[in-house]
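Novice: The structure that follows is given in the form of structure tokens.
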Amino acid sequence: MPSKESAEAKDAREQSERDAVLYNKNLRADIETAVNDQPKAQVHSREWAKIMRGDPVEINPAVGFGYKIMSVAEWSARWKRNDDFPDCLNCGSLNTKEHHFIQTWCRGKKKWESELLCLACHSFSWRSYCDPDFKTPEQYEKARWEELIAAAPPSVAAS
């Protein structure tokens, strides 16, 4: 027999299901934020120092080869904006580009980090999140085996 779910209830359920798989929805802890003069993420940190000194940096292999002295705008031209967190935490500008994003999902738990470069004030906005009970597969398996050993009879655990 078909369900008599109302259209509003169905829409709300579908929206909830979509939100459940988005990295920035249904968060169970606070998002950690920081503003830095240099990238917190290791990716691009050496290039950033070179750009700020006016030294040549390696050209993206997708557009050429060799080294070139670049402006911040030219160096970050191929990066995309993060529409989920578009604002700079330092000056509030929306002229930002995301240079670092990592997310990990494990057993329905999530962990992610994002860093934006503000093209207005040249500061880096860091945001990261981790579910309180998030464990990597290795951590999960280690805890599982430790529980099994602890629950085993002493004669089995000693051998």
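Novice: Within the stretch 77-91, is even one residue outside any loop (DSSP other than H, G, I, E, B) and either of a type outside the set (A, V, I, L, M) or at negative phi (or both)?
Specialist: Filtering the stretch 77-91 for residues outside any loop (DSSP other than H, G, I, E, B) gives 80.
After this cut, where a residue has to be either of a type outside the set (A, V, I, L, M) or at negative phi (or both) as well, the list is 80.
So far as the stretch 77-91 goes, yes, one or more of its residues are outside any loop (DSSP other than H, G, I, E, B) and either of a type outside the set (A, V, I, L, M) or at negative phi (or both).
Novice: Here is a further query. Applying the selection to the stretch 45-98, what residues are surrounded by 13 or more Cβ atoms within 10 Å (Cβ to Cβ), farther than 25 Å from residue 129 by Cα and aromatic (Phe, Trp, Tyr)?
Specialist: Residue satisfying the conditions is 75 alone.
Novice: Does any residue in the stretch 110-123 that is free of Cβ contacts under 8 Å to residues at least 24 places away in the same chain come within less than 8 Å, Cβ to Cβ, of a residue that is in a loop (DSSP other than H, G, I, E, B) and of a type outside the set (Val, Ile, Thr) six or more places away or on a different chain, and which pairs are these?
Specialist: What qualifies is 111/131; 111/134.
Novice: Just to be sure before I move on: is residue 117 in contact with a helix residue (DSSP H, G or I) (Cβ under 9 Å, 6 or more places away or on another chain), over 30 Å from residue 140 (Cβ atoms), of a type in the set (A, V, I, L, M, F, W, C) and not in a helix (DSSP H, G or I) in the structure I sent?
Specialist: Numbers: in contact with a helix residue (DSSP H, G or I) (Cβ under 9 Å, 6 or more places away or on another chain): yes; over 30 Å from residue 140 (Cβ atoms): yes; of a type in the set (A, V, I, L, M, F, W, C): yes; not in a helix (DSSP H, G or I): yes.
When the stated conditions are applied, residue 117 passes them.
Every number here is computed from the coordinates shown, using simple stated rules; none is lab data. The structure presented is a predicted model; accordingly, all values stated were derived computationally and were not measured. No Cβ is skipped: glycine too gets one built from the backbone with ideal geometry, and neighbour counts run over all protein chains shown.
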